[in-house]
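Student: One structure, as structure tokens, below. Some questions next.
The values are calculated or read from the model by the stated rules, or taken from the named source; none is laboratory data. These figures come from a predicted structure and were not determined experimentally. Please note: Cβ atoms are built from the backbone with ideal geometry, for glycine as well, and neighbour counts cover all protein chains shown. For accessibility, only protein heavy atoms count, side chains too; no ligands or nucleic acids. Shrake-Rupley method; radii C 1.70, N 1.55, O 1.52, S 1.80 Å.
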Amino acid sequence: MDISPQISKLIQNPVCFLSDSPAAGDGIAISSRIRLARNIEGYPFPGNAPEALKKEIASLVRSAAVKSRMFPARSSYFIFPEELSESELAILVERRLASTGFVKNPQGALLIASRDEKSSIMVNEEDQLRIQCMTPGFDLDSLWEKISGIDDKLNTYLEYACDEKYGFLTSCPSNIGTGLRASVMLHLPGLVATGLINPTLEGINQLHLAVRGLRGEGSKNHGNFFQISNQYTLGITEKEAISALAAAIVKLIDGEKQARERLFESNRNMLFDKVGRAYGTLKYSYHLPLDEAFYALSCIRLGVDMGMFNAIDIATVNRMQIALQPGHLGCQIENFCTSDDCDERRAFLCRTLLKSGIKKG
Amino acid sequence: MLCDICKKNEATIHIKEMHDNKWTSINLCAECAKKNNLDASPDTPGVDITQMLIGLGKALEAQGKKNIPTHQHSAKPENLPVMSNCPICDWSVADINKNHGKLGCPACYCHFGELLENSIAKIQKGTSHVGKNPLNAPQNEYARFQYTLAILEQTLAKHVAGEQYTEAAKVRDAIAGLKESFAASQREKEESFRQAVIEGRKHARRIEEEDV
Ligand SMILES: [Zn+2]
Ligand SMILES: [Zn+2]
């Protein structure tokens with residue numbers, strides 16, 4: 001398969017939202033992200049714009065991105081989804097640079113991303129601009145500083161659509177006002193295994209937050225990943241929305257820590273059994289569906305967090321997390337795996353990565 | 001926001017997921033979440049949101065409601081009043097409905113204003129913006145100018161086509177008046193901006209003097 005030059009450059013690097021450093025946080029808050037929805041005055045929203053107009057919008061945004069020096073022409077990615085194959089589009093989604101909605105309507109769309117992938121703009125998604133910043137771990141405050149700076153710089157080149165009453169105007173009224181959606185991805189296997197996940201979510205629910213699984217699609221097992229985000233954008237400041245979310249995240253992390261301790265103290269054999277079986281699944285399978293792999297990898301991640309392995313490090317877990325998803329899977333291992341079957345290729349990949357990730361013994 | 005099931009209690013649990021490129025979301029009170037087993041049991045390998053949504057679908061069906069509400073937090077107007085299309089982008093009320101509450105262009109907020117107001121109050125924390133303002137300052141005035149101008153031009157075209165020249169002349173005058181008053185207010189804004197800059201400089205100079 002031919003892979004476009006920009007995509008092959010992307011997949012050479014690890015994704016920006018997973019930290020390979022064991023010292024970074026507690027492994028529970030996986031990543032943080034903030035996005036801002038913006039539109040340009042005088043143009044219709046993308047859902048009501050003919051392709052020619054979308055292209056005009058894309059070139060306006062591109063030139064603002066370059067001129068503002070937020071996305072220098074030489075070092076940034078400028079990717080046109082309509083030029084890409086399905087699996088290349090899937091790679092963008094798996095790297096969290098694009099939403100599923102964005103890649104399903106590739107006509108006239110443009111993805112702008114910094115070299116480190118931590119800042120990006122989806123042009124002509126539901127709104128003309130979806131500016132996004134993400135980082136590993138739990139750090140919303142500095143993300144807000146960063147994205148607000150990018151927003152201001154772009155705004156000096158683009159006149160944003162806005163209104164005195166409703167603030168920034170967006171295609172869907174659920175985003176008007178600040179246009180801000182902040183989210184934190186949490187790995188909560190302890191709360192799930194102890195059955196405490198729901199009471200815990202109830203405990204934080206007065207804060208009006210939305211919860212959803214890792215991959216927006218209807219995949220059955222989300223590998224115990226939960227994405228928590230703010231619900232409101234109007235009648236609330238950016239900082240209020242962010243601090244309400246942060247307060248809930250702190251509580252969830254705390255709850256997960258306690259659940260893990262409880263599991264370790266009272267149900268150690270069950271815990272070791274789960275992690276051990278998961279390891280067996282990844283290491284010895286010859287046919288591995290995505291859901292099963294996600295679940296097994298979640299157990300391994302828990303085991304690594306709790307220091308149960310000295311043979312596997314978090315970098316290997318992170319690498320597998322991305323590599324076993326369909327888009328990356330399709331582009332990476334064909335050199336040495338001859339099977340056409342996705343599940344067989346995934347099993348091959350896991351066996352290989354676990355072999356090379358083992359440090360000793 | 002009220003609970004999707006009982007419609008009485010405040011919904012405090014919000015779950016959403018993408019299905020077939022459409023957001024499906026449920027908003028529940030704690031009580032209904034528990035009652036309908038929309039919570040995780042200790043044995044499930046992971047909380048399965050898809051199953052939760054299916055569970056909710058069944059609960060709603062039992063109550064005589066056919067589908068899981070899609071895109072609940074979009075401003076879908078309940079009763080469709082007869083309204084003209086947006087004069088800027090030609091979006092209609094039917095378009096809003098078909099597109100899960102999405103609007104056609106920024107001017108739609110002005111045109112469908114009354115229609116949206118209630119729905120927005122239901123899905124948002126407040127009814128007016130309190131966050132950061134764009135550097136380009138509120139363009140409300142410009143949007144309204146564009147909007148009114150488009151309506152007048154449409155009317156003008158109608159009169160000309162119908163050979164109603166007296167009416168056409170009146171509308172032509174109205175357009176000229178609108179353009180003039182908009183230009184005047186822009187000049188005023190520029191002047192007050194200039195004034196602010198001059199005052200700002202004066203202020204800065206004063207601080208410098210105090211510093212010494
Ligand atoms: Zn209820
Ligand atoms: Zn419109």
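Student: Show the residue pairs that are 6+ apart or on different chains and have beta-carbon atoms under 8 Å apart, the first residue being within the range A:338-361 and basic (Lys, Arg), the second being at pLDDT below 90 and open to solvent by 80 Å² or more (accessible area, probe 1.4 Å).
Tutor: A:359/A:310; A:360/A:310
Student: Can you tell me which residue among A:95, A:38 is basic (Lys, Arg), within 14 Å of chain B (Cβ to nearest Cβ), buried (at least 21 other Cβ atoms within 10 Å of the Cβ) and away from ligand 2 (no atom under 16 Å from the Cβ)?
Tutor: Answer to the selection: A:38.
Student: Take residue A:170 and tell me if it is within 26 Å of residue B:2 (Cα to Cα), more than 7 Å from every other protein chain (Cβ to nearest Cβ) and open to solvent by 10 Å² or more (accessible area, probe 1.4 Å).
Tutor: Here the answer is no, as residue A:170 does not meet what is asked.
Student: Let me ask something additional. Quick check on the range B:109-120: of everything there that is open to solvent by 50 Å² or more (accessible area, probe 1.4 Å) and over 15 Å from residue A:164 (Cβ atoms), which residue is farthest from the other protein chains (Cβ to nearest Cβ)?
Tutor: Within the range B:109-120, the match that is farthest from the other protein chains (Cβ to nearest Cβ) is B:114.
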